[in-house]
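Written out below as structure tokens is the structure these notes cover.
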Amino acid sequence: MAQTLYDKVFDAHVVRKLSSGQYQLFIGLHMIHEVTSPQAFEMLRDRNGSVPFPERTVATVDHIVPTEDQSRPYKDDLAEQMMKAIETNCKQFGIRLYQPGSGKQGVVHIVAPEQGLTQPGMTVACGDSHTATHGAFGAIAFGIGTSQVRDVLASQTLSMGRLKVRRIEVNGKLNPGVYAKDVILYILRKLTAKGGVGFAYEFAGSVIDAMSMEERMTVCNMAIEGGARCGYINPDQTTFDYLKGRPEAPTGAAWDKAVEWWKSVASDKDAVYADVVKYEAADIEPTVTWGISPDQSVGVNEAIPSTSDFSATEKANIEEAYEYMDVKPGQPIAGTKVDVVFIGSCTNGRISDLREAARVAELHGGKVPAGIKAFVVPGSEIVKKEAEAEGLDKVFLKHGFEWRQAGCSMCLAMNPDKLVGRQISASTSNRNFKGRQGSPSGRTLLLSPAMAAVAALEGKITDVRPVLAKKGA
Amino acid sequence: MSEIKKISGTAVPVRGNDIDTDRIIPARFLRCVSFDGLGEHAFEDDRAQDKAKGKTHPFDDARFQGAKVLVSNSNFGCGSSREHAPQAIYRWGVRAIVAVSYSEIFYGNTVAMGMPCVHVSAADAEAIQSIVEADPKAEVVVDIEANTVTAAGKTFSATVPEGPRKQFLTGGWDATSELLKDFEDIRSVARKLPYVNAFA
């Protein structure tokens with residue numbers, strides 16, 4: 001019978017049906033970081049547990065790592081304590097740890113693909129909701145909590161239910177100035193923040209097919225913002241080309257066998273889906289969020305919607321968003337003044353993101369105005385090195401942006417990078433929740449790296465398309 | 001592991017859809033290596049903001065102290081996978097949650113912790129919230145076995161997905177022991193996966 005990738009990969013990893021009716025699922029790749037793993041190791045020790053498959057877990061540090069002064073011990077005692085915990089835990093249980101300075105450290109969802117660890121047909125789990133990112137390779141990748149991290153450490157398996165699959169097609173051709181980030185923000189707006197609960201999202205269509213792996217990662221990364229625990233894209237030549245030659249990718253005869261198997265896990269042409277939705281690329285504009293949930297967004301030339309544009313049950317939420325963001329329905333999003341611009345994160349901290357932001361800065365030609373803080377945080381040490389080799393750091397510095405070291409940084413502000421008071425940030429990250437960027441009353445507008453760059457240079461939300469048109473995009 | 005069939009006590013209503021885990025426990029409190037002490041920081045920023053506006057967040061409201069059941073609306077616990085969120089709620093004193101829907105990851109965390117989350121209709125969630133707002137001393141009973149929530153004597157139908165429901169009723173909600181049973185079966189699945197064997 002024709003099957004989806006989700007069902008094929010799920011079935012291949014089932015150990016048994018548990019007494020609860022849930023499935024025991026083997027986890028092919030487990031990633032850990034310093035925030036959600038220390039308690040898991042403690043729980044493991046409490047049970048005198050061991051890690052039977054240490055080679056299937058890879059650790060890095062990203063959330064609390066400072067992006068300026070990385071000298072140890074960290075100024076933040078709690079951050080230092082967490083670093084020490086992961087160092088001790090990895091050492092004790094024989095787990096690889098990509099430390100700052102190793103040349104491999106960075107945001108976990110950037111690091112694993114870079115190393116070729118994430119491959120099609122795998123099950124991938126990590127104590128981080130943005131694990132959905134790895135679905136870009138045709139893997140079933142999902143975030144888990146700390147008790148489940150303990151389960152994976154102890155057994156390399158998890159108790160999981162099976163999800164339904166919704167196929168989301170985006171067809172046509174994206175207009176200049178419209179990026180993968182806009183595509184996923186548009187999908188979230190259409191399907192809402194909770195529309196994906198109970199589903200895995202399969203992204204498809206000519207727009208997705210034409211995307212690079214980095215763009216595909218941006219799309220899958222935010223599946224979770226739509227409530228879908230995982231999002232994935234069927235593996236194809238783009239996937240194989242990206243993997244070829246990466247440190248952890250198969251080589252020689254194994255490579256050919258791998259490609260053959262990877263092709264076999266893709267959804268069959270006549271696979272049946274629980275739901276199918278289709279969108280047209282031409283309808284997607286550069287998109288900016290205006291509210292406190294990633295599905296509250298508009299095209300850059302649109303106005304903030306009124307409550308009558310939403311269902312009655314959403315009214316209270318929309319009003320809460322107006323109040324928190326201090327915006328009014330009918331107000332244009334373009335022209336919204338920003339205080340801080342953050343370019344980075346597991347959503348948009350890859351080399352292609354930084355190249356595009358730098359290109360926009362060059363085309364624009366201006367400088368970040370006084371009083372506005374704009375900073376660029378490469379997603380990994382490899383991205384940083386690559387960007388510096390291309391001179392992107394100098395472009396950013398010339399235009400008044402700060403150039404930092406790799407980490408999660410102000411996506412969730414667990415390190416020293418934070419908003420202050422009611423500041424508004426234009427951010428290439430994934431969440432605009434209340435207080436997300438470190439100030440309990442801080443505000444976040446999510447957008448693409450190109451739109452973030454122009455927001456930094458203009459000091460306000462500005463359509464990037466005229467800038468791109470200046471010298472031909 | 002103990003069976004969880006029924007939770008009774010007073011309830012705390014936390015109204016709103018899409019209440020995310022950043023709101024339940026802001027990221028700055030994740031700088032820790034233990035879940036201890038998270039309870040006092042549950043909803044910390046929401047509480048402070050309500051206070052600044054002259055309002056009282058239900059978690060600060062004297063009438064709702066000691067509540068064992070949290071009642072919210074749809075997509076509760078969306079966003080970050082941080083188990084710190086359900087741990088903070090649990091350590092504040094909550095033992096069961098009643099809402100219309102939950103994010104998947106949050107839900108998985110609560111099962112692994114042994115804190116049942118039951119689903120009710122949108123209208124019933126609001127009705128239960130209204131009952132406890134009008135009478136904070138009202139007893140709320142979350143009955144996993146009967147698939148009901150009773151508030152001040154009024155009974156509402158509630159559901160728990162079949163898998164977790166069985167886990168709570170049989171005491172198998174802590175999956176680790178069962179996952180470790182027959183370890184050879186895990187090895188045999190691993191042996192069949194081409195990538196685990198380097199595509200040899």
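What follows draws every value from the coordinates through simple rules; no lab data is involved. Model, not experiment: these values are computed from the prediction. Neighbour counts are summed over all protein chains in view; Cβ atoms, including those assigned to glycine, are modelled from backbone coordinates with ideal geometry.
List the lysines whose Cα lies under 16 Å from the Cα of A:K394, skipping any in the same chain that are fewer than 8 positions away.
The qualifying lysines are A:K367, A:K384, A:K385.
How big is the protein assembly as shown by Rg and Dmax over its Cα atoms, in Å?
For the protein assembly as shown, the Cα radius of gyration and maximum Cα-Cα distance read 23.6, 71 Å.
Could you tally the net charge around A:Q437, taking each other residue with its Cβ under 9 Å from the Cβ of A:Q437, Lys/Arg +1 and Asp/Glu -1? Present the calculation step by step, with values, prior to reporting the outcome.
Details: positive: A:K418, A:R431, A:R436, A:R443; negative: A:D417.
Value of the local net charge: +3.
Counting only helical runs of four or more DSSP H residues, what would the 222 nm mean residue ellipticity of chain A come to if each run contributes -39,500 (n - 2.57) and the total is spread over all its residues?
Details: 17 runs with 161 residues, N = 473.
Per the formula, -10000 deg cm²/dmol.
What is the distance in Å between the Cα centres of segment B:88-141 and segment A:426-470?
Taking the Cα centre of segment A:426-470 as reference, the centre of segment B:88-141 is 36 Å away.
Classify segment B:6-171 from the C-alpha gyration tensor, please: rounded if a/c falls under 1.5, else prolate or oblate depending on whether a/b exceeds b/c. Provide the component values of the computation, followed by the final result.
Values: a/c = 1.71, a/b = 1.16, b/c = 1.48.
In terms of gyration-tensor shape, oblate.
State the answer as a single residue: which of A:I187, A:G231, A:M31 lies farthest towards the positive end of the charge dipole of the protein assembly as shown, with beta carbon charges of +1 for Lys and Arg and -1 for Asp and Glu, about the Cα centre.
Towards the positive end, the residue furthest out is A:M31.
For A:A253, put the label point 7 Å out on the Cα→Cβ axis and report which residues of segment B:173-200 keep their amide N under 11 Å from it.
Only B:200 pass the distance filter.
Under the rule a/c < 1.5 gives rounded, and otherwise a/b versus b/c splits prolate from oblate, where does segment B:35-132 land using the Cα gyration tensor?
oblate
Which whole-Hz couplings ³J(HN,Hα) result when phi for each residue of segment A:433-443 is put into the Karplus expression 6.51 cos²θ - 1.76 cosθ + 1.60, θ = phi - 60°, listed in order with x for Gly and Pro?
Running phi through 6.51 cos²θ - 1.76 cosθ + 1.60 with θ = phi - 60° gives 4, 3, x, 4, 9, x, 9, x, 10, x, 10 Hz.
Antiparallel as a % of all DSSP beta bridges within the protein assembly as shown, to the nearest 5? Numbers along the way, then the final one.
Numbers: 26 of 78 bridges.
So the antiparallel bridges in the protein assembly as shown amount to around 35 percent.
Label-point separation (nm) for B:A198 and B:F183, each offset 7 Å from Cα along Cα-to-Cβ?
For B:A198 paired with B:F183, the spin-label model returns 2.3 nm.
With both partners inside segment A:1-130, how many of the DSSP beta bridges are antiparallel, as a percent to the nearest 5? Please list the in-between numbers first.
Details: 3 of 12 bridges.
Antiparallel bridges: around 25 percent, rounded to the nearest 5.
What spacing in nm lies between the two simple spin-label points modelled at B:A123 and A:E260, each 7 Å away from Cα in the Cβ direction?
My value for the distance between the label points is 6.0 nm.
May I ask you to evaluate 6.51 cos²θ - 1.76 cosθ + 1.60, the Karplus curve with θ = phi - 60°, for each residue of segment A:298-312 and list the ³J(HN,Hα) values in order in whole Hz, giving x for glycine and proline?
9, x, 4, 9, 8, 9, 5, x, 9, 4, 5, 7, 10, 6, 4
Using r as the Cβ-Cβ distance of A:K84 and B:E162, and R0 as 56 Å, what FRET efficiency do you calculate, to the nearest 0.05?
Details: r = 43 Å, r/R0 = 0.76.
In this case the efficiency is close to 0.85.
Tell me the angle of helix B:104-113 to the major Cα principal axis of chain B, expressed in degrees between 0 and 90 and rounded to the nearest ten.
90 degrees
Quick one: of A:K434/B:K55; B:K137/B:K166; B:K6/B:K154, which pairs are farther than 22 Å apart, Cα to Cα?
Numbers: A:K434/B:K55 18 Å; B:K137/B:K166 30 Å; B:K6/B:K154 16 Å.
From A:K434/B:K55; B:K137/B:K166; B:K6/B:K154, over 22 Å: B:K137/B:K166.
Using the beta-carbon distance between B:A48 and B:R15 and R0 = 25 Å, what value does 1/(1 + (r/R0)^6) give for FRET efficiency, to the nearest 0.05? Mind showing how you got there, number by number?
Values: r = 18 Å, r/R0 = 0.71.
Taking R0 as 25 Å, the efficiency between B:A48 and B:R15 is 0.90.
Sketch the reach of a paramagnetic label on A:E280 as a point 7 Å from Cα along Cα-to-Cβ, and name the residues of segment A:169-196 whose backbone nitrogen lies under 15 Å away.
Counting only backbone N, you get A:170-175.
Where the centre of each part is set by its Cα atoms, how far does segment A:371-399 sit from segment A:206-261, in angstrom?
What the calculation gives is 26 Å, centre to centre.
If the limit is 25 Å between Cα atoms, which of A:K315/A:K373; A:K418/B:K51; A:K17/A:K194; A:K8/A:K190 go over it?
Values: A:K315/A:K373 34 Å; A:K418/B:K51 23 Å; A:K17/A:K194 28 Å; A:K8/A:K190 28 Å.
Pairs exceeding the cut-off: A:K315/A:K373; A:K17/A:K194; A:K8/A:K190.
Contour minus end-to-end for A:A2 and A:R47, with contour as 0.36 nm per residue of separation and end-to-end as the Cα-Cα distance?
Values: separation 45, 0.36 × 45 = 16.20 nm, distance 4.27 nm.
The A:A2-A:R47 span can extend by a further 11.9 nm.
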